[in-house]
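Asks: This is the structure, below, for whatever I ask next.
We did not get these values from a lab; they are worked out from the coordinates using the rules stated. Nothing here was measured: the structure is a model prediction, and the numbers come from that model. With ideal geometry, Cβ positions are generated from the backbone for all residues, glycine too; neighbour counts draw on all protein chains shown.
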Amino acid sequence: MPDSVSLLEPGRTLGVVGAGVMGQTLIKGLLDTGLVARRQIWATSKTQASCDEVAESLGIATVRDYREAVGTAGIILVCVKPAQIAAVAAMLRQSQLRPDALLISILAGVSSERLESLLDLPNVWVRAMPNTPCVVGQGMTAVAGGRGSSPDHLALAERIFSSVGRCAVVEEHYCNAITALSGSGPAYMYLMMEALADAGVRVGLRRDLALELVAQTMLGSARMVLDTGRHPASLRDDVTTPAGCTIGGLLMLEDGKIRSVLARAVEEATRIVEQLGRAAK
Ligand SMILES: NC(=O)c1ccc[n+]([C@@H]2O[C@H](COP(=O)([O-])OP(=O)(O)OC[C@H]3O[C@@H](n4cnc5c(N)ncnc54)[C@H](OP(=O)(O)O)[C@@H]3O)[C@@H](O)[C@H]2O)c1
């Protein structure tokens, strides 16, 4: 295993198969933190046009036919859509994939058992579920080991994703729920921020000021929960003075069934992730 400084053993590379939204997000994060040097990374996309675009914007090597590049890889991050995994597995089988190369899949819904049977090689898979705030070093990722994964494999994955935010090691059966909660989560937060900024405009604030107030309030509230370890309900009590305006606002949110709406949203997203995984043939 690599030493405490380098993520990769000498001469090894980190490959990113599928440099789309998430692939690029992770590459940017890893480069910014210095965990991997530019020369140690290569990436691939389906079309030459997107390979060229990624090479230009991130300053890394990109290859459309990655069979040769795979031979140097110590770690491969697989960031394609679930429907594209069979083509990727076929390509990896035709390449010089080293048996000790660690494969990390960020695919929603596709189990490690499915990944192992598609590839049909002895390589270890680790599943990871990151989210887009990885690009600003504030991601939330959960990682889970597949067949034959060791604490060292999980530690390696944890190092990668901890470099771009927080990372939790979980049992694989939680992955779909995590995808629906924190993988999709930024979209829920953005919707809430947009709605609250609209609310600010409704009560007379400039839109840019309203959005800044909302975004920083969300950031600060999240920090309070993470840093103090206090329950959100207890922190909320600190804001609600008797007969004050906050309790009035909170009661309106409860009248609108905000808790059950949020729970149903995550429940629906979980159901769809399960379907996506089953469709990944
Ligand atoms: N978006 C999120 O917030 C998020 C969060 C957590 C996990 N995920 C997971 O991340 C994965 C990628 O999502 P995304 O939003 O990043 O998708 P995306 O933007 O569509 O990126 C997919 C990438 O895969 C490339 N690709 C397609 N077929 C390929 C093949 N056969 N070989 C190599 N590369 C291929 C595409 O290339 P072209 O551009 O040339 O078509 C593109 O670069 C999904 O499995 C998703 O479940 C996404």
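Asks: With a Förster radius of 35 Å, plug the Cβ-Cβ distance of Ala195 and Arg166 into 1/(1 + (r/R0)^6) and report the FRET value to the nearest 0.05.
Replies: Calculated transfer efficiency: 0.85.
Asks: Tell me which of Leu58, Ile85, Gly74 sits at the most positive position along the dipole axis of the chain, charges placed on C-beta atoms (Lys, Arg +1; Asp, Glu -1).
Replies: Farthest along the dipole direction, towards plus: Ile85.
Asks: Let me know the charge dipole size of the stretch 185-277 about its Cα centre in debye, to the nearest 20, where only the beta-carbon of Lys, Arg (+1) and Asp, Glu (-1) is charged.
Replies: So the magnitude is around 60 debye.
Asks: Counting other C-beta atoms within 10 Å, which of Met129, Met140 has the fewest, and how do the rest follow?
Replies: Met140, Met129
Asks: For the stretch 174-281, just say rounded, prolate or oblate: build the C-alpha gyration tensor, square-root its eigenvalues into a ≥ b ≥ c, call rounded for a/c under 1.5, and beyond that prolate if a/b exceeds b/c, oblate if not.
Replies: Here the stretch 174-281 falls in the prolate category.
Asks: Another one. Can you give the Rg and Dmax of the chain based on its C-alpha atoms, in angstrom?
Replies: My reading of the Cα-based Rg and Dmax gives 21.2, 69 Å.
Asks: If contacts are Cα pairs under 8 angstrom and at least 6 residues apart, what is the relative contact order of the stretch 13-171 in percent?
Replies: RCO, the stretch 13-171: 21 percent.
Asks: In addition: What nm distance separates the two modelled labels at Thr240 and Tyr174, each placed 7 Å from Cα along Cα→Cβ?
Replies: The two pseudo-label positions are separated by 2.8 nm.
Asks: Per-residue ellipticity at 222 nm for the chain, helices alone: DSSP H runs ≥ 4 residues times -39500 (n - 2.57), over residue total, nearest 500 deg cm²/dmol?
Replies: Per the formula, -15500 deg cm²/dmol.
Asks: Quickly rank 142-154, 227-239, 106-118 as a protection proxy: mean count of other C-beta atoms within 10 Å, highest first.
Replies: Packing proxy ranking, top to bottom: 106-118, 142-154, 227-239.
Asks: Quick one: helix 245-255 against the long Cα principal axis of the chain, what's the angle to the nearest 10°, folded into 0 to 90?
Replies: The two axes meet at around 60 degrees.
Asks: Tell me the GluC sites (Glu not before Pro) within the stretch 129-221 that lie in a loop according to DSSP and have at most 15 other beta-carbon atoms within 10 Å.
Replies: Glu171
Asks: Taking the Cα atoms only, what angle lies between the long axis of helix 185-202 and the longest principal axis of the chain, rounded to 10 degrees?
Replies: 30
Asks: With the contact rule set at Cα under 8 Å and sequence spacing of 6 or more, what percent relative contact order holds for the chain?
Replies: Relative contact order comes out at 16 percent.
Asks: Which one, Thr141, Leu97, Tyr190, is farthest towards the positive end of the dipole of the stretch 79-196 when Lys and Arg carry +1 and Asp and Glu -1 on their Cβ?
Replies: Leu97
Asks: Another question, then. Long-range amide H contacts for Ile75: which residues qualify at under 5 Å (H placed 1.01 Å from N, peptide plane, sequence gap of 5 or more or a different chain)?
Replies: Thr13, Gly15, Leu102
Asks: Under 14 Å Cα to Cα from Lys46, which aspartates and glutamates show up? Leave out anything in the same chain fewer than 8 places away.
Replies: Asp65
Asks: Let me ask another. Can you compute the charge dipole magnitude of the chain about its Cα centre, using +1 on each Lys and Arg Cβ and -1 on each Asp and Glu Cβ, nothing else charged? Give it in debye, rounded to the nearest 20.
Replies: Dipole of the chain, to the nearest 20 debye: 360 debye.
Asks: Take every Cα pair under 8 Å in the stretch 185-277 that's 6+ residues apart, average their separations, divide by the length, and report that relative contact order as a whole percent.
Replies: Rounded, it is 12 percent for the stretch 185-277.
Asks: Can you list the HN-Hα couplings for the stretch 64-80, worked out from phi with the Karplus curve (6.51, -1.76, 1.60; θ = phi - 60°), rounded to whole Hz and with x for Gly and Pro?
Replies: Residue by residue, the stretch 64-80 yields 7, 8, 9, 4, 6, 4, 4, x, 9, 6, x, 9, 10, 9, 9, 10, 8 Hz.
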